[in-house]
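Below is one structure, written out as structure tokens, with a few remarks after it.
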Amino acid sequence: MVTAIQGPIFKVPKNDVDTDQIIPARYLTKSDKSGFGPFVMEGLEFEGFDRNSPAFKQAKVLLVGENFGCGSSREHAVWALQAHGIQAIIGTTFARIFYQNSIACGLPIIRVSPEDIKKLFSLDNGAAIHIDLEKKLIQAGDQRIPFALDEYDEALLRDGGLVGFAYKRYVTEPRA
């Protein structure tokens, strides 16, 4: 059970980043989670973005623009982000299906106000951030930003995603 996330941030200050920009469709040739990491954000372009930069390669938390994850409902986008090492995403709005896929896969999606994301976007790429999922608090430098999580989403994240949640509640024999 992950209760805290910490590490360097990477800013994606672009609105409407779709799932094909997160993981291009040409890589969707398998149905397991492995092997997507090297291709994450291959379809994304905006001024100043370099997916080969050390800051992006080392990022644990993405700060994103509005409507992140729009487009098709592919779960592969979440898998690619996780395979790259992304442990949480912070933004103001997310595509509904991407949000649900992320939580179901155990990837925390944290919604903050436009004012708070603006504060976070003032940080440099690579800045350290700490997210306490139990206290529902983001700390970055001298900033302390509270956030909310739906009770059900919190339970899914606490159990590592939908599979862990269901297993914990409905399976009676020991897990292999």
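Side notes on the structure shown:
- Once the range 142-176 is narrowed to residues that are among the aromatic types (Phe, Trp, Tyr) and surrounded by fewer than 14 Cβ atoms within 10 Å (Cβ to Cβ), the residue that is farthest from Arg96 (Cα to Cα) is Tyr170.
- Identity of the residue in the range 57-75, basic (Lys, Arg) and in a loop (DSSP other than H, G, I, E, B), that ends up surrounded by the most Cβ atoms within 10 Å (Cβ to Cβ): Arg74
- Residue satisfying all of: in the range 72-89; closer than 14 Å to Gln100 by Cβ and not aliphatic (A, V, I, L, M); modelled with the highest pLDDT among these: Glu75
- Among the residues of the range 99-141, those identified as acidic (Asp, Glu), surrounded by fewer than 17 Cβ atoms within 10 Å (Cβ to Cβ) and farther than 24 Å from Pro54 by Cβ are Glu115, Asp132, Glu134.
- When residues in the range 76-98 are screened for being under 14 Å from Ile22 (Cα atoms) and buried (at least 20 other Cβ atoms within 10 Å of the Cβ), 12 of them pass.
- Pro54 vs. criteria closer than 24 Å to Ser122 by Cα, within 16 Å of the chain's Cα centre (by Cα) and surrounded by fewer than 22 Cβ atoms within 10 Å (Cβ to Cβ): no
- Criterion violated by Ala128 - all others in (1) more than 30 Å from Asp32 (Cβ to Cβ); (2) among the hydrophobic types (A, V, I, L, M, F, W, C); (3) more than 17 Å from the chain's Cα centre (by Cα) satisfied: (3)
- The residue that is farthest from the chain's Cα centre (by Cα), among those in the range 17-47 that are loosely packed, with under 14 Cβ neighbours inside 10 Å and under 22 Å from Val61 (Cβ atoms), is Glu47.
- Selection from the range 1-38 of residues that are in a strand (DSSP E or B) and among the basic types (Lys, Arg): Lys11
- Residue within the range 158-167 that is more than 29 Å from Phe46 (Cα to Cα) and aromatic (Phe, Trp, Tyr) present: yes
The values are calculated or read from the model by the stated rules, or taken from the named source; none is laboratory data. Treat the numbers as computed from the prediction; the structure is a model and nothing was measured. Glycine gets a Cβ as well: all are built from the backbone with ideal geometry, and neighbour counts include every protein chain shown.
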